[in-house]
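This report refers to the structure that appears directly beneath it.
What follows is calculated from the coordinates using simple rules that are stated; it is not laboratory data. Just so it is clear, the structure is predicted and the values come from calculations on it, not from any experiment. All Cβ positions, glycine included, derive from the backbone under ideal geometry; neighbour counts span all protein chains shown.
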Amino acid sequence: MYLDRNIKLILDILQKNGKGYIVGGYVRDALLGLEPKDCDFVTDIEYEKLLNIFSEYSPKEIGKHFGIIQIKIDGVHYEIAKMRQDKGIPKDRKEQEIEFTKNIYEDLKRRDFTINAIAFDGEKFYCGDSDSQKDIESKTLRFVGECKKRIEEDPLRILRYFRFLATKDLKHLDEDVEEISKYRELLQNLSVERIREEFDKIITGKNTYNILKILSDKKILEIIIPEWKECRGFNQRNIHHIYTVDEHILQALKETDMDLITRLAIFFHDIGKPKCFSLGEDGKGHFYNHELISAEMAKEIMGRLRYDKNSIEKVYRIIQYHLVYRIDNEEKFIKKMMNRLEKEDMLRYFQVLRADRKTHRPPYNFEQIERLEKLYQDIVEKNLPISIKDLNISGKELLENGFKQGKNIGEVLKYLLNQVLEYPEYNTQEQLLKLALEYKKGRE
């Protein structure tokens with residue numbers, strides 16, 4: 001297994017003062033043929049001595065209760081922890097009773113999955129479970145020991161299990177999934193931040209569809225997002241749709257890049273459909289204003305899961321305007337969208353439109369989306385005005401021509417922008433002043 005200079009240095013320092021091993025994801029990914037990333041170490045060296053022997057590498061105490069320090073070499077952070085064995089089932093992770101050990105096998109036995117229960121000392125591998133080597137070779141994900149015990153130690157392991165399946169090419173056993181789903185209610189005991197972090201990794205994984213499908217079928221997803229329960233199996237009863245609401249959403253996820261904002265926008269884009277379903281006299285299902293309801297629900301759910309305000313706003317805007325077939329003036333619409341969304345979000349927006357269209361009933365018609373994409377490119381290339389700051393007149397110039405300070409100025413500028421969005425040729429100071437004076441006269 002390849003070890004760079006800094007990893008060898010850390011191992012050397014540890015082994016000159018006691019025992020030292022590389023553990024966790026670095027070993028696992030290397031053995032799975034993946035590119036290893038973060039490298040963590042365990043040791044039997046006493047905590048204070050550990051801080052001392054790494055004193056020149058800016059040691060930080062990041063978990064004294066668990067015997068963990070962090071050091072920094074050449075801008076890269078490494079965690080070093082004392083080997084330990086956990087005692088009993090913790091009521092609170094912060095109050096978990098810890099017993100340190102000098103035995104690497106005892107440390108490995110407390111790990112979550114067999115493929116994570118492997119250590120390397122620079123020369124030799126150590127397996128904490130009899131299935132570790134076999135599971136690495138067969139790329140199978142399973143818990144160390146009893147599934148129930150591992151989950152009760154930390155219920156987040158339910159989501160970690162599915163995150164590994166979503167992000168790596170690993171196999172699972174159906175009986176394990178059945179067993180795991182029995183403990184789904186324990187997820188309610190976790191902080192929303194921990195849940196969100198795992199959910200983000202699941203939804204941006206390369207196997208997202210398959211894993212979210214399992215999470216949905218096993219009623220785990222609705223523990224995280226209760227609103228999903230109404231979507232599951234909801235028949236749209238509409239000739240334009242071949243999937244239930246939940247299946248349409250999951251199928252659409254397969255049509256997008258592994259980008260978090262894009263995937264979240266797709267995941268939530270139709271989540272409000274069950275709430276606004278109505279059945280017409282012709283027996284067809286209708287979902288009036290579902291884009292607005294879905295956008296509001298996405299904002300509420302993401303807020304509950306403590307997403308940052310910027311991400312919430314991006315997802316909200318994309319969902320709010322995903323029904324493009326209602327557009328009257330396509331050029332004006334795209335300009336308004338460009339005023340609301342940054343460039344990267346416009347590209348996400350088009351992905352969402354295509355993914356949504358691709359998962360309706362075929363044949364697929366992308367003509368309108370292609371027109372909108374072309375309009376967008378033309379506007380970018382021609383540098384056409386799309387916002388108030390692009391107008392060839394300012395609030396100051398309006399004041400100089402008899403307009404009063406206050407919100408009136410903002411209203412006039414918005415009016416002028418609407419005119420220019422429809423008629424770009426109006427964007428001259430002379431024409432804009434003329435329009436502004438006419439607007440003012442009409443309001444007096």
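Across the options Ile223, Phe199, Tyr183, the greatest Cα extent toward the positive end of the charge dipole of the range 146-224 (unit charges at beta carbon of Lys, Arg, Asp, Glu) belongs to Phe199. Put simply, the amide H of Phe100, placed in the peptide plane, has neighbours under 5 Å in Gln85, leaving out anything fewer than 5 places away on its chain. The range 152-201 has equivalent-ellipsoid semi-axes of 18, 15, 7 Å, by the square roots of 5 times the alpha carbon gyration tensor eigenvalues, sorted largest first. Compute the angle between helix 157-167 and the longest alpha-carbon principal axis of the chain, please, reported from 0 to 90 degrees and rounded to the nearest 10. Value to nearest ten degrees: 70. Here r is the Cβ-Cβ distance between Asn392 and Asp308 and R0 is 35 Å; the resulting FRET efficiency, rounded to 0.05, is 0.45. Over the range 251-378, the alpha carbon radius of gyration divided by the compact-protein estimate 2.2 N^0.38 Å works out to 1.05.
How large is Rg over Rh for the range 388-443, taking Rg from the Cα atoms and Rh as the Kirkwood inverse mean of 1/r across Cα pairs?
0.91
The fewest-to-most ranking of Phe162, Phe350 by surrounding Cβ atoms within 10 Å reads Phe350, Phe162. For the chain, a Gaussian network of Cα nodes joined below 10 Å ranks Gly205, Gly33, Gly303 by mean-square fluctuation, and the top entry is Gly33. Axis angle, to the nearest 10 degrees, between helix 309-320 and the longest C-alpha principal axis of the chain: 50 degrees. Roughly how tilted is helix 290-304, in degrees to the nearest 10 and between 0 and 90, from the longest Cα axis of the chain? Helix 290-304 and the main axis of the chain meet at about 40 degrees. Taking trypsin sites (Lys or Arg not before Pro) across the range 134-196, the ones in a DSSP loop with at most 15 further Cβ atoms lying within 10 angstrom of their Cβ are Lys139, Lys182.
When both the range 309-379 and the range 232-301 are represented by their alpha-carbon centers, they are found 16 Å apart. Checking [x] 92, 46, 45; [y] 85, 59, 37; [z] 80, 59, 48 against Cα extents along the principal axes in Å calculated from these atoms, the matching label is [y].
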